[in-house]
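Some notes on the structure that comes next.
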C-alpha cells in the first residue's frame, strides 16, 4: 500500500517536486514535467518521453545526456495533457526537431498526438513514436496495437544515444522504430498496486496464484495460474519471449540481446537477481549473449508485486547505441562529457491562455455554464468510487479519480474565465484545457475535446439558442469519434453520447422545449450506457480484457450518462 503521502490528489505533483529538488544539478522543472539542466547543442534532435506518474524511474528519471531531453509527467497512471507535452517539448527543442515517444496507451496516443499537431502548427518538425513491446496485449500480427511497458527503456536509450551523436531526425526516428520492432516484454504479478489514499488495490491475486500479462497501470493479467518457483517464472518468460524472436535475428552474428529484469515496485532486488540467474542460463542455452543486462526497478507500478522480462534483439547498430554512455538521475552508463548549464527562462515555454471579453449575452451564458460545470464536479465526486469500480473490472480502475480531477479543474478554470469577462466559448475552451491537463488519460483528452468543440459552436457573442446548443452537442460528439476513433458498439462513452446527441436533435427539431428535450436525451444516454454491459470492449486498455467486462457497463458511458442526467435535472 502507498501510505506516505499528504493529499492523495497532490501526490504526483509533490513527488515530482521532490525529485527535481533532489536532482537539481541534472533536471529542472517546467510546466508539465522536467527537462535537462544542461544545454543541448543547437541543431540536435530533442527526445521527449513521458506518460503517467507512478512508474519511477520512468519517466523523469531518464532525463539526461544520452537519454531523454525532457519528460512530460501526467498524474498517477494518467497521460500528461497535450498542453503539458507541448510545454516540455518547447523547452527541449534545439533546432533539430522533436521526437515524442511513449508507451502505446490510448490516453497517451491522444494527448501526445494533439501536442504534435500544436507544435507542428508552430513550425516544429515533430515525430511520434509509440513503444509496443508487451506481447500479452495483442498477438504478433497486431504488434502495432500492443501496450508499452518496460521496453520503453531500451527504445528511449537507443534513440537518446542516436540523438547524442548528432544524427538527424530521420535517422533517430529510424533507429527508434527498429528498436521497437526488436523489443519484446512480458510480466507476472503476485499482487496489485494501491493508489495513494485508496483502501484497496486496483486488483488482487489470490494467495498461491500469479497473474500473467499484467499492465503497468493496475490492469490485471490476462491469465492466472499456480504460483511457481523463480526458475519456473523465468522459464515461462524466456520461452514466451523467444517464441517471438525476430526471424532476422536467428543466426545473426553473436546473437546479442539486451536484457531487462524489471521489478514492479514491491518485488526487490535479491528476488530479481534469482530470476536473472535463470534467465541468463536459458539465454545461453539458446546461444544468446546478454549485452549490458539491467536488473532492478526500471518501470514500476507504485507498490505492485511482480516483475517483467524484456529482451531487445540487437544487431551491430542497436548494440552500439544500447552500450553508448548516458547520464540521468536513474540511469547511468559510461562517461558523458560535462556541458554548460542552460540559463533560459523555462516559464516562457508554457503558453498562457489569453482571455478576451465576450459580449454580454455570451457572458451571461458563461456564468450559467459555470453553474453547470460545478454541478458536473459535484455529481462526479459523489460517484467517483463507483466509476472506479466499474473501470477496474476490465481496465485499470482510475476512471473515477481521473474524472473527479478533471471535472474539478474544469469548474475552477471556467469560473476564473467567466469572472474575467469571458464569453461562453472561451469559458468552455479553458475549462476543457484544464480538464484535459488535470485528468490526463483517455477520458481527459475526450472531455477536453468535447468542451472545446461545444464551446466553439456557441461562440463569444450571442446567447446560445436551441439550434446552436444542438449543433454544439453534435460537434462535441463528432470531436470524440474523430479523436478517439470509437463508434457505437465499441463499449466506450460514444455508446451513450451518440444516442444523447441524436435524441436531443430530434426533439429540438420537433419543437420541444430545451428542458424536455434534454431530459429525453439523458434517458436515452442512460439506457445506452446500461446496454454496454452486454458487449465486450473493443478499444482502449479494456480491449485486452474485453470479455471480462461482459456484465458490467462501460465506466466512460456511465459517467457521460450521469453528467447529462444531472444537467437535465438542474436546468428543468
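Things to note:
- Residue match in the stretch 179-195 (condition: assigned to a helix (DSSP H, G or I) and crowded, with 22+ Cβ neighbours inside 10 Å): yes
- Condition met for residue 151 (under 19 Å from the mean Cα position of the chain (by Cα) and either within 22 Å of residue 320 (Cα to Cα) or without any contact (Cβ under 8 Å) to a residue 12 or more places away in the chain (or both)): yes
- Leading residue by the ranking (nearest to the chain's Cα centre (by Cα)) among those in the stretch 196-208 that are surrounded by fewer than 21 Cβ atoms within 10 Å (Cβ to Cβ) and more than 19 Å from residue 384 (Cβ to Cβ): 204
- Every condition in (1) surrounded by 14 or more Cβ atoms within 10 Å (Cβ to Cβ); (2) touching a strand residue (DSSP E or B) at 6+ places or on another chain (Cβ under 7 Å); (3) at pLDDT 95 or above is met by residue 269 except one, and the failing one is (1).
- Checked against the criteria, residue 432 counts as surrounded by 20 or more Cβ atoms within 10 Å (Cβ to Cβ), under 27 Å from residue 73 (Cβ atoms) and either free of Cβ contacts under 8 Å to residues at least 24 places away in the same chain or assigned by TED's automatic domain parsing to the domain that holds residue 109 (or both).
- Residue in the stretch 121-130 that is surrounded by fewer than 20 Cβ atoms within 10 Å (Cβ to Cβ) and closer than 24 Å to residue 215 by Cα present: yes
- Test result for residue 251, touching a strand residue (DSSP E or B) at 6+ places or on another chain (Cβ under 7 Å) and either surrounded by fewer than 16 Cβ atoms within 10 Å (Cβ to Cβ) or in contact (Cβ under 8 Å) with a residue 40 or more places away in the chain (or both): no
- From the options 367, 389, residue that is over 24 Å from residue 54 (Cβ atoms) and surrounded by fewer than 24 Cβ atoms within 10 Å (Cβ to Cβ): 367
- For residue 542, the test of being buried (at least 23 other Cβ atoms within 10 Å of the Cβ), in a helix (DSSP H, G or I) and at pLDDT below 90 is passed.
- Residue satisfying all of: in the stretch 275-306; more than 29 Å from the chain's Cα centre (by Cα) and in a strand (DSSP E or B); surrounded by the most Cβ atoms within 10 Å (Cβ to Cβ) among these: 290
- Residue check for residue 66: in a loop (DSSP other than H, G, I, E, B), in contact with a strand residue (DSSP E or B) (Cβ under 8 Å, 6 or more places away or on another chain), more than 14 Å from residue 445 (Cα to Cα) and at pLDDT 90 or above: yes
- Residue within the stretch 338-346 that is surrounded by fewer than 18 Cβ atoms within 10 Å (Cβ to Cβ), touching a strand residue (DSSP E or B) at 6+ places or on another chain (Cβ under 6 Å) and not in a loop (DSSP other than H, G, I, E, B) present: yes
- Given (1) assigned to a loop (DSSP other than H, G, I, E, B); (2) free of Cβ contacts under 8 Å to residues at least 12 places away in the same chain, index of the condition residue 170 fails: (1)
- Looking across the stretch 41-50, the residues that are in contact with a strand residue (DSSP E or B) (Cβ under 7 Å, 6 or more places away or on another chain) and either touching a residue at least 60 places away in the same chain (Cβ under 8 Å) or surrounded by fewer than 20 Cβ atoms within 10 Å (Cβ to Cβ) (or both) come down to 45, 46, 47, 49, 50.
- Some residue of the stretch 307-317 being in a loop (DSSP other than H, G, I, E, B), more than 18 Å from residue 231 (Cα to Cα) and either touching a residue at least 60 places away in the same chain (Cβ under 8 Å) or out of contact with any helix residue (DSSP H, G or I) (no Cβ under 8 Å at 6 or more places or on another chain) (or both): yes
- Per-region count, the stretch 117-147, residues within 15 Å of the chain's Cα centre (by Cα) and closer than 21 Å to residue 86 by Cβ: 4
The values are calculated or read from the model by the stated rules, or taken from the named source; none is laboratory data. Since the model is a prediction, treat every value here as computed from it, not as a measurement. Note that we place each Cβ from the backbone using ideal geometry, even for glycine, and neighbour counts take in every protein chain shown.
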